[in-house]
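Values quoted throughout were computed directly from the atomic coordinates according to the rules given, and no laboratory measurement underlies them. Because the structure is a prediction, the values reported are computed rather than measured. A quick note on method: Cβ atoms are made from the backbone with ideal geometry, for glycine too, and the neighbour counts reach across all protein chains shown.
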């Protein structure tokens, strides 16, 4: 599933071609994805001007001039491509065309994504967003803020990072990479990550997310940038999907190991991460 860097990359690709533009034509080509489309979706979006494009957690937020926000989640296999003029296929579920003639297509082979409309003033209370945790790219994401959210949690720190109520937007890839950079074992109890440990982890997460955004995200299966190009941060993974390979921090025979936590693969170096 695309994580924060991939979604942020899509937002940054959409903003230059959408902000200030009007949706001249909207073609809804499926009745539903993970949830049904809103009633009269195309009619409600056509003629609306885009005022901003943003992100919350793993959701794309396209603000419209009538006070509504189009909320898009890419799910497991969703992609948004700009000006791909190839013939439309069965998995192209929504096609937007701006008043400048730019075509934006939402494609989702597995249909786990969603597209809906939410009133801007109700976003924080909407079920998709209520209770989401702190944004790791916000200035307020400090070691102290992270430690406060981890206090009292006996779950492994890896599981706590995947809990969107603790930190919003982090998934399996960047949890593994952030913990490696911070030198923290994914098995460590979350409540023990406080003080200097929490500061290291907060800094490591911010750094790896920032670098991944600059690299256009990570393309493992379906994700592409809005240009159709792959991201390339996967070529810089230290531990994720590197089971059996030498630890880039240790050398001396230490290798990356894989364990399963809460049904998800975790990659780490037991010598480097404590």
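For residue 238, work out the one condition from (1) in a helix (DSSP H, G or I); (2) touching a helix residue (DSSP H, G or I) at 6+ places or on another chain (Cβ under 6 Å) it doesn't fulfil.
(1)
Counting only residues that are part of a loop (DSSP other than H, G, I, E, B) and in contact with a strand residue (DSSP E or B) (Cβ under 6 Å, 6 or more places away or on another chain), how many does region 96-128 have?
Residues flagged as part of a loop (DSSP other than H, G, I, E, B) and in contact with a strand residue (DSSP E or B) (Cβ under 6 Å, 6 or more places away or on another chain) within region 96-128 amount to 3.
How about region 161-174: which of its residues are in a helix (DSSP H, G or I) and touching a residue at least 60 places away in the same chain (Cβ under 8 Å)?
Hits for region 161-174 are 162, 172, 173, 174.
Report whether or not residue 99 is over 12 Å from residue 14 (Cβ atoms), in contact (Cβ under 8 Å) with a residue 12 or more places away in the chain and crowded, with 18+ Cβ neighbours inside 10 Å.
no
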